[in-house]
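Peer 1: Below are the structure tokens for one structure; questions will follow.
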Amino acid sequence: MEPARIKVCIFDVNGVLIDSNAANAQAMAQAFTEDPELQGRIVDVYLQLTGIDRGSKMRIVQERVVGRPFTENEFELRWEGFKRLGRISMLRAPLTTGCREVLAELGRLKITRVALSNTPLEELRETLVNRGLNVLLDEIRGGGDWPKSETLARFLRDCRIEPRHCLFLGDGKGDLDAARRNGVPFAAIDPGTGEFRGETGFDGPYPNIAEWLRSVSSRLPQDEPA
């Protein structure tokens with residue numbers, strides 16, 4: 001990564017801008033079952049699935065924990081349940097360390113700020129508006145039942161942005177995979193989970209985006225004085 005050529009910073013939301021991974025894991029568990037023991041197992045599986053789209057997470061939970069295929073309309077029922085519970089968890093979860101300050105500073109430097117998430121766009125936009133983050137972002141891109149790599153590819157294609165001028169900041173191997181598939185430089189955010197152990201070819205990991213900015217601020221493109 002060469003900070004001096006960054007024109008666009010792309011942020012995963014869960015775990016990068018909002019400290020919501022644990023709350024979302026519990027929301028997923030509650031969407032599947034009221035049994036506390038099964039909920040605990042679902043939470044454990046969910047927390048291993050960072051950077052993976054919602055549909056894939058649900059299918060993996062069904063396979064590993066429930067242990068049988070979805071019945072007719074069951075997938076849709078779980079999807080809607082997680083949609084409702086996940087919205088609540090995202091509104092209650094705290095922002096990550098330095099979230100607002102980092103976005104504000106990048107805006108001052110005229111670097112485009114993008115939120116890119118597996119969360120469906122309507123839910124994502126509602127969350128960011130309610131948390132007051134929408135005014136600190138230039139673009140919001142939501143996901144669905146498709147890989148994050150596809151969401152990232154659509155953004156690059158729609159906005160006609162060269163991957164080498166972007167930086168994707170994410171907290172999961174799924175985020176790293178999306179960046180690799182699209183040729184986008186990647187900075188890893190890891191508060192101590194060891195998520196990126198054994199991986200190479202990225203910047204970091206950093207415990208949060210505030211530490212990332214502190215590390216690279218002197219090398220970012222500086223806004224020219226008026």
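Values quoted throughout were computed directly from the atomic coordinates according to the rules given, and no laboratory measurement underlies them. Values in this document were obtained by computation on a predicted structure and should not be read as measured data. Cβ placement follows ideal geometry from the backbone for every residue including glycine, while neighbour counts extend to all protein chains displayed.
Peer 1: Identify the trypsin sites (Lys or Arg not before Pro) of segment 163-226 meeting these criteria: DSSP loop state and at most 13 other C-beta atoms within 10 Å of the C-beta. All intermediate terms of the calculation are to be shown ahead of the outcome.
Peer 2: Values: sites: Arg164, Lys173, Arg180, Arg181, Arg197, Arg214, Arg219; in loops: Arg197.
Answer in residue order: Arg197.
Peer 1: Using square roots of five times the C-alpha gyration tensor eigenvalues, list the equivalent-ellipsoid semi-axes of segment 147-226 in whole Å, biggest first.
Peer 2: Computed over segment 147-226, the values are 21, 20, 9 Å.
Peer 1: When DSSP beta bridges are limited to those with both residues in segment 111-220, what percentage is antiparallel, rounded to the nearest 5?
Peer 2: 10
Peer 1: Let me ask you something else. Amide H of Thr119 versus every other amide H placed in the peptide plane: which residues, excluding those fewer than 5 positions away on the same chain, fall under 5 Å?
Peer 2: Excluding prolines and chain starts, which carry no amide H, the hits are Gly143.
Peer 1: Out of the GluC sites (Glu not before Pro) in segment 66-137, which ones are loop residues according to DSSP with at most 11 other C-beta atoms within 10 Å? Don't jump to the answer; show the numbers that get you there.
Peer 2: Details: sites: Glu72, Glu74, Glu76, Glu80, Glu101, Glu105, Glu122, Glu123, Glu126; in loops: Glu72.
Sites meeting the loop and neighbour criteria: Glu72.
Peer 1: For segment 20-92, go through all pairs of different Cα atoms, get the mean of 1/r, take its inverse, and jot down that Kirkwood value in Å.
Peer 2: Numbers: mean 1/r = 0.0834 Å⁻¹.
So the Kirkwood estimate lands at 12.0 Å.
Peer 1: Could I ask something else about it? How much net charge surrounds Leu176 when only the other residues with a Cβ under 13 Å from the Cβ of Leu176 are counted, with Lys and Arg +1 and Asp and Glu -1?
Peer 2: Once positives and negatives cancel, what remains is -3.
Peer 1: Give me the distance between the Cα centres of segment 88-124 and segment 137-216, rounded to whole Å.
Peer 2: The distance from the Cα centre of segment 88-124 to that of segment 137-216 comes to 13 Å.
Peer 1: Shifting gears a bit: Using 0.36 nm per residue, how much length does the chain from Arg160 to Arg100 gain when fully extended, once their Cα-Cα distance is taken away?
Peer 2: 18.9 nm
Peer 1: So, one more: Can you work out the base-10 log of I(q)/I(0) for segment 1-125 at q = 0.09 1/Å, using the Debye formula on its C-alpha atoms alone?
Peer 2: Log-scaled intensity ratios, in q order: -0.31.
Peer 1: Turning to a different aspect of this structure: Per residue of the chain, what 222 nm ellipticity follows from adding -39500 (n - 2.57) for every DSSP H run with n ≥ 4, rounded to the nearest 500? Can you show the working numbers first?
Peer 2: Values: 9 runs with 100 residues, N = 226.
Rounded to the nearest 500, it is -13500 deg cm²/dmol.
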